[in-house]
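Trainee: The structure is given below, and queries will be raised subsequently.
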Amino acid sequence: MRARAIMVLGTSSHVGKSLLTAALCRIFADQGVSVAPFKSQNMSLNSSATMEGLEIGRAQALQAEAARIPASVHMNPLLLKPAGNMTSQVVVRGKIWGRLSASDYHQRRVEELLPIVRESYEILAAKHEVIILEGAGSPAEINLKQHDIVNMRMAEIADAVCILIGDIDRGGVFASLFGTVQLLDSTEQTRIQGFLINKFRGDVALLDPGIRMMEDRLQKPCLGVVPYIHHLALEEEDSLGLADITGETKPWLPENVRERALRIAVVALPSFSNFTDFDALRYEPSVSLRFCREPSQLALADLVILPGSKQTVEDLLWMRRQNLDSSVVAHAAQGLVVGICGGMQMLGTAIVDPRAMEHGDQADALGLLPFSTRMNSDKVTRAITGRLSRSILFGQPMSAMDINGYEIHIGETMYADGAQAFSILNGHELDGCISADTRIFGSYLHGIFDDDRFRHAFLAAARSFHQLAPVARFENWRQKREDSFNQLANTVRESLDLPRIFDWVDLPYKSQGQIESVEQIR
């Protein structure tokens, strides 16, 4: 039986579509419904590896986690990864398909890829009772609408009832809701069954007159008002969220106190990918983490991290223009330096790209570790586990040797004589590199800090190196994420007219009391 479908649309990007989709996935899952997320086309540098060894947008992996099911490539069949000069790498069902300009993709290739999108949706719809679809940007982008396969055309394919989100935190929420609906044709307007207002701060009663006027003008119900949720430990969809994180940063001050926070500087590269790698570190109470773009911001750092990059050589050249390269090298003379994926490649001696997969030229890297990188046409995409090659990190004994995460890269490591891998994957594969004194290391593994045991041991070693006091309390990241999913779902549950939404897909909505009674019987 084909799944019934609900589609979450927004008046613009970054209005909360991804997290509302995640919330609905968790709410339906809590009701005992087999539910899965779907986004036909995603544009993001934040991606994740599925158990099939394929690549999808990070947001869909998060939504699958909310639904308590493994992530599948069919949840996001098309992934566009911006690659500069108005081009994107196109990933189709988890594998590199090509690199296209925006105009070529929208005007010619979309129709070619639509059957793949349709097939992926039908595969998911055959396995689940409900699919929660997420749109992209706004469905009212009239300049792109003819070849849009992620909003109203996808809603028609799935025969989805649609919910429209407006973000009041941006201002102009009523105009954006009304204007979005008015720019759709009559059939599309009919698909939108209701609207909601997201990220509200203040007295909801003050919104009532506007809500009543909107309901009269649109002839559609307001499903509710969702408050702004602070400190939610769930990743943002794309780099728009990074701006919010960077804006929260407080400057470091000189202080000689052993109990102070460990200062971690992550270089915010122009093509920064998978910035969610550092969420678990950010939430540790013993850590002060900053995303940095200027050499002066590294001055008081205890540890500098070079993150993943979609355009490694271009970002390396940007670092040189900013004099960040010399700042990192100077820091490495006495401090601690870590590189993740593209950031690891920067720590080597050279990056060679004979097939022009990213840049096309050979570039000298920072020379902090004895290896070079060759860019290949085949991308490695997999979830993986491994073990550290040494029991010492930052000159300190490590209490946790096992690591896990996921790889998404096209680089091959060419080790120089005497080089030592950072870890051993699958019992025999070499990953990354570590300096002889263990103060500098690089790894291809994204998500390496999400593992509580490794992260805690990593932070303990870094603090011990800098002669800082032991950590008084570590964060349980897995539990914090689960708590955040439940907080998100509970907030949405209390804010929206869920009986109405469940009725749209012909399912009864059980109250929390009813769910608890069923669980007790079980």
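Trainee: From Cα pairs below 8 angstrom and at least 6 apart in sequence, can you work out the relative contact order of the range 115-202, rounded to a whole percent? Provide the component values of the computation, followed by the final result.
Mentor: Details: 73 pairs, mean separation 25.7, N = 88.
Reported as a whole number, the value is 29 percent.
Trainee: If you fit an axis through the alpha-carbon atoms of helix 512-521 and take the longest principal axis of the Cα set of the chain, what angle between them do you get, 0 to 90°, nearest 10?
Mentor: 70
Trainee: Still on this structure, I have one more. Nearest 10 degrees is fine. How inclined is helix 312-321 to the longest principal axis of the chain, computing both from alpha carbons?
Mentor: Orientation of helix 312-321: about 70 degrees from the principal axis.
Trainee: What lysines could a cross-link reach from Lys81, if we take a straight Cα to Cα line under 23 Å and drop same-chain neighbours fewer than 8 places away?
Mentor: Lys17, Lys39, Lys95, Lys145, Lys310, Lys379
Trainee: What size of dipole, in debye to the nearest 20, comes out for the range 419-522 about its Cα centre when the only charges are +1 on Lys and Arg C-beta atoms and -1 on Asp and Glu C-beta atoms?
Mentor: Working: 12 positive and 15 negative charges, 76 e Å.
Computed about the Cα centre, the dipole is about 360 debye.
Trainee: Which one, Ala233, Cys292, Met214, is farthest towards the positive end of the dipole of the range 188-345 when Lys and Arg carry +1 and Asp and Glu -1 on their Cβ?
Mentor: Cys292
Trainee: Okay, moving on. Gap in Å between the Cα centre of the range 102-175 and the Cα centre of the range 33-53?
Mentor: For the range 33-53 versus the range 102-175, the Cα centre distance is 14 Å.
Trainee: A further question follows. Skip the ligands, DNA and RNA, and give the accessible area per residue of the chain with a 1.4 Å probe, whole Å².
Mentor: Numbers: 21440 Å² over 522 residues.
Accessible area per residue, the chain: 41 Å².
Trainee: Sorted by average packing, counted as other Cβ atoms within 10 angstrom per residue and highest first, what order do 298-304, 383-389, 494-500 take? Could you put the intermediate results ahead of the total?
Mentor: Working: 298-304: 20.4, 383-389: 18.7, 494-500: 16.0.
Ranked from most to least packed, the peptides come out as 298-304, 383-389, 494-500.
Trainee: May I pose another question? Ignoring any ligand, DNA or RNA, what whole percent of the accessible area of the chain comes from carbon and sulfur when the probe is 1.4 angstrom?
Mentor: Numbers: 10500 of 21440 Å².
Result for the chain: 49 percent of the exposed heavy-atom area is carbon or sulfur.
Trainee: Also, I was wondering about something else. For His466, His230, give the ranking by accessible area with the largest first, probe 1.4 Å.
Mentor: Details: His466 55, His230 100 Å².
Most to least solvent-accessible, the answer reads His230, His466.
Trainee: Follow-up. To the nearest 10 degrees, how steep is helix 173-182 against the longest Cα principal axis of the chain, on a 0 to 90 scale?
Mentor: Result, in degrees: 60.
The values are calculated or read from the model by the stated rules, or taken from the named source; none is laboratory data. All figures in this text were calculated on a predicted structure; none of them were measured in a lab. Don't worry about glycine lacking a Cβ; one is built from the backbone with ideal geometry, like all the others, and counts go over all protein chains shown. Side chains included, ligands, DNA and RNA excluded: accessible areas come from the protein's heavy atoms. Shrake-Rupley method; radii C 1.70, N 1.55, O 1.52, S 1.80 Å.
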